[in-house]
Amino acid sequence: MATVEGGSGAARIEPSADVDERAAIGAGTTVWHLAQVREDAVVGADCVIGRGAYVGPGVRIGDRVKVQNHALVYEPAVVEDGVFIGPAAVLTNDRYPRAVTPDGRPKGQLDWCAEGVTLRHGCSIGGRAVLVAGVTVGRWALVAAGAVVHRDVPDFALVAGVPARRIGWVGRAGEPLRPAGDGGWQCPRTAERYRERDGTLVPL
């Protein structure tokens, strides 16, 4: 089993994983079987890159991130600390995908400009969700399984559907918040309280 030293411990890289020598893997991170981490990608500390997952060239992944089995994270995505990316979720990078140019020749790197998805601190992406190139998912937001996200998601929002729409709010524990009167919301697990103002949610 291959390891990459760093910080206070060693990364664990399964022999069947394909990790480019130019990628950086943080201490305590595990890269499971058949995963691929491309050149110049940076994966932080204490992460899990699941079986068959793909991390594209130059992708930036923070600390304590979970990328579940067969998730696809295309460049130049930015994933902040504490994010969960569910199984088979896809972070795309091309708003107008074509295999060929208008004159019929195969598209190359110079024929398009990759536009990455940004996932803010603590948010979660459900299994088989698709995020369209360029969208940002806010802090602690939750994207439901199978959703198609084509526009930015506010902090603490719960979005679902095709296309995804906000159907509620979630707290840092990930559970839907309950109304607490006068525009307030409360987490049923932690009792944290929040205030809704002009379509945004703010912790009290």
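Just so you know, all these numbers are worked out from the coordinates, no wet-lab data involved. Note that this is a predicted model, so its numbers are computed, not measured. All Cβ positions, glycine included, derive from the backbone under ideal geometry; neighbour counts span all protein chains shown.
Of note:
- Sum of side-chain charges, residue 18 neighbourhood, beta-carbon under 12 Å (Lys, Arg +1; Asp, Glu -1): -3
- Shown in residue order for segment 135-148 are the 3J(HN,Hα) couplings computed by the Karplus curve 6.51 cos²θ - 1.76 cosθ + 1.60 at θ = phi - 60°: 7, 10, 9, x, 4, 6, 5, 9, 9, 5, 4, x, 5, 10 Hz (x for Gly and Pro).
- Around residue 74: net Lys/Arg minus Asp/Glu count, Cβ-Cβ under 12 Å: -2
- Measuring nothing but how far apart in sequence close Cα pairs (under 8 Å, 6+ apart) lie, relative to its length, segment 2-172 scores a relative contact order of 12 percent.
- Taking a Cβ cut-off of under 14 Å around residue 197, the surrounding Lys, Arg, Asp and Glu residues balance to a net charge of -2, with basic ones at +1 and acidic ones at -1.
- Cα-based shape type of segment 109-204, given that a ≥ b ≥ c are square roots of the gyration tensor eigenvalues and the cut on a/c is 1.5: prolate
- Subtracting the Cα-Cα distance of residue 192 and residue 128 from their residue separation scaled by 0.36 nm leaves 20.1 nm.
- Of all DSSP beta bridges in the chain, antiparallel share, percent nearest 5: 35 percent
- Using θ = phi - 60° and Karplus 6.51 cos²θ - 1.76 cosθ + 1.60, couplings along segment 85-101 (whole Hz; Gly, Pro as x): 10, x, x, 6, 5, 10, 9, 7, 9, 9, 5, 10, x, 9, 7, 10, 7
- Full extension of the segment from residue 152 to residue 95, taken as 0.36 nm per residue of separation minus the current Cα-Cα distance, would add 19.1 nm.
- Among 13, 125, 85, the residue with the largest mean-square fluctuation in a Gaussian network model of the chain, with springs joining Cα atoms closer than 10 Å, is 13.
- Distance between the 7 Å Cα→Cβ label points at residue 34 and residue 121: 3.6 nm.
- The chain: most fluctuating residue of 169, 185, 112 per GNM, C-alpha cutoff 10 Å: 112
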